[in-house]
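What follows is a single structure, and I will ask about it in a moment.
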Protein chains: 2
Amino acid sequence: MQLFYSSRIENSRIILNEEETRHAISVLRKVPGDVLHVIDGKGNLFKALINKVNKKETELEIQETKTYPKPEKEIHLVVAPTKNMDRMEWLLEKSIEIGLSSLSFIRCEHSERKQVNMERLEKIALAACKQSLTWHFPELNDIVPFKNYLQSVHPMQGFIAVCKDAESVLNKQTSLKEQVHLMIGPEGDFTEDEYMLAKSAGWIGLSLGNKRLRTETAALAGVVGLNFL
Amino acid sequence: MQLFYSSRIENSRIILNEEETRHAISVLRKVPGDVLHVIDGKGNLFKALINKVNKKETELEIQETKTYPKPEKEIHLVVAPTKNMDRMEWLLEKSIEIGLSSLSFIRCEHSERKQVNMERLEKIALAACKQSLTWHFPELNDIVPFKNYLQSVHPMQGFIAVCKDAESVLNKQTSLKEQVHLMIGPEGDFTEDEYMLAKSAGWIGLSLGNKRLRTETAALAGVVGLNFL
């Protein structure tokens, strides 16, 4: 099923933007009268008829609406992005396929990467959502300093991934709440100060096993583990 | 910890091949008397002293040996490789980081890719093993037709990933044996015939959830899930 995305849906009318129009009309050669499947990223899947087309936009008329409930589990991933952005891009793609509610970036003491290109990440996220039939788009949050993040977010259950001396290990016995945050440090790991700060803010040290995982592998393994457990 | 690999270990003597020698001597400027950490891929980590060096090989004398037990769980992944080989290469890297005992390739009815470059994959595997501190190297098996694979392997517990009508779902309730095989189909999925053939050979249809996962994502999610559960 080929999906299109629109943020402009009012009553029974959908407007596709220029990029989606180009794909539907120029690439796939759709014409007025054809039916498209459109998602809004908020749980709705519309079957809609093409009404009018011009170069800039496509207007459709909704025929049917199917609404999907939000996933029962909320998984919030918080990552210090790697120097090599490719690794973050695949993490984004893969974690959306698997399922997560939000991805937030943090800047830590040992972070080599200080910023991320949100526009590019949003495009990758949209493609991954369409490909994997993700009806509820995850929230993407631009990079903020670690301390600011800690001050602004108060998770129901927050885990901070650590390599040693973890209080908790992710396995079958882990008791998970319905909203879980998982924080993954940079390639040089969290500093001792950062770790203590997170702990004093209620975050729990979590081990993902005894292998030495790259940042993006740890993050993805966490997302998969939290989904299955 | 920087690791070197050798397949030539006899008594207390280790020989590094030309490539490992180049890395140790030309790149890292190690000299006789220096200590290297060497692995054999069979669970042993050696601390060894450089004795003699020439262009083709390095001879070391073992000082200490540490032997790691095999992981308790054996996870065998069987995959119909994707057309885009990059996706298989990252699957290999990531699944080694997470942990698996073997990766075998199969050629299915809907497979677009008929062969894989084993030499290249073995290099990637070696790098991933070193990076992730994987003491027991996984076995890599070249591509064989699906039917031949089914005839030659009789798993203790074999799952075949399917998108719908699965008999089993991977979650906290799944009861796993200590040796598990997981088979993942090509981009066009298994044919009905292939699925029935696997079922009659004792394989169990397994759902990895209700998302539409790419081949490599399904495979990796399976490996992570089997490790955590």
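Laboratory data are not the source of any read-out in this text; all were calculated from the coordinates shown. Computed from a predicted structure; not experimentally measured. Ideal geometry is used to build each Cβ from the backbone, glycine not excepted, and the neighbour counts take in all protein chains shown.
Considering all alpha-carbon pairs of the range B:15-153, what whole percent are spaced by more than 23 angstrom?
More than 23 Å apart: 46 percent of the Cα pairs in the range B:15-153.
OK, next. How tilted is helix B:118-131 with respect to the longest principal axis of chain B? Cα atoms for both, answer in degrees (0 to 90, nearest 10).
Approximately 70 degrees, to the nearest 10.
Just list whichever of A:LYS73/A:LYS172; A:LYS211/B:LYS52; B:LYS83/B:LYS164; A:LYS55/A:LYS114 have alpha carbons separated by over 28 Å in the model shown.
Violating the 28 Å Cα-Cα cut-off are A:LYS211/B:LYS52; A:LYS55/A:LYS114.
Could you let me know the centre-to-centre spacing of the range A:162-229 and the range A:63-106, using Cα atoms, in angstrom?
Value for the Cα centre distance between the two parts: 17 Å.
Using the Cα atoms as the points, what is the convex hull volume per residue of the range A:74-228 in Å³?
For the range A:74-228, the hull spanned by Cα atoms encloses 103 Å³ per residue.
If you don't mind, there's one more thing I want to ask. How many Cβ atoms of partner chains, on average, are near each residue of A:83-92 if near means within 10 Å of its Cβ?
1
Separate question: Treating each Cα of the protein assembly as shown as an identical point scatterer and ignoring solvent, apply the Debye formula and state log10 I(q)/I(0) at q = 0.07, 0.09, 0.14 Å⁻¹.
Computed log10 I(q)/I(0) values: -0.42, -0.69, -1.39.
Which whole number gives the average count of other chain Cβ atoms within 10 Å of the Cβ atoms across peptide B:171-178?
Per residue, the average neighbour count from other chains is 2.
Once you average over the residues of B:205-215, how many Cβ atoms of partner chains fall within 10 Å of each Cβ? Intermediate results must be reported in sequence, preceding the final value.
On the way: counts 0, 0, 0, 4, 7, 4, 10, 7, 7, 6, 0.
Mean partner shielding for this stretch: 4.
Still on this structure, please answer the following. Give a quick list of trypsin sites (Lys or Arg not before Pro) in the range A:73-107 that DSSP marks as loop, anything other than H, G, I, E or B, with at most 13 other Cβ atoms within 10 Å.
A:LYS83
If you fit an axis through the alpha-carbon atoms of helix A:85-98 and take the longest principal axis of the Cα set of chain A, what angle between them do you get, 0 to 90°, nearest 10?
Approximately 70 degrees, to the nearest ten.
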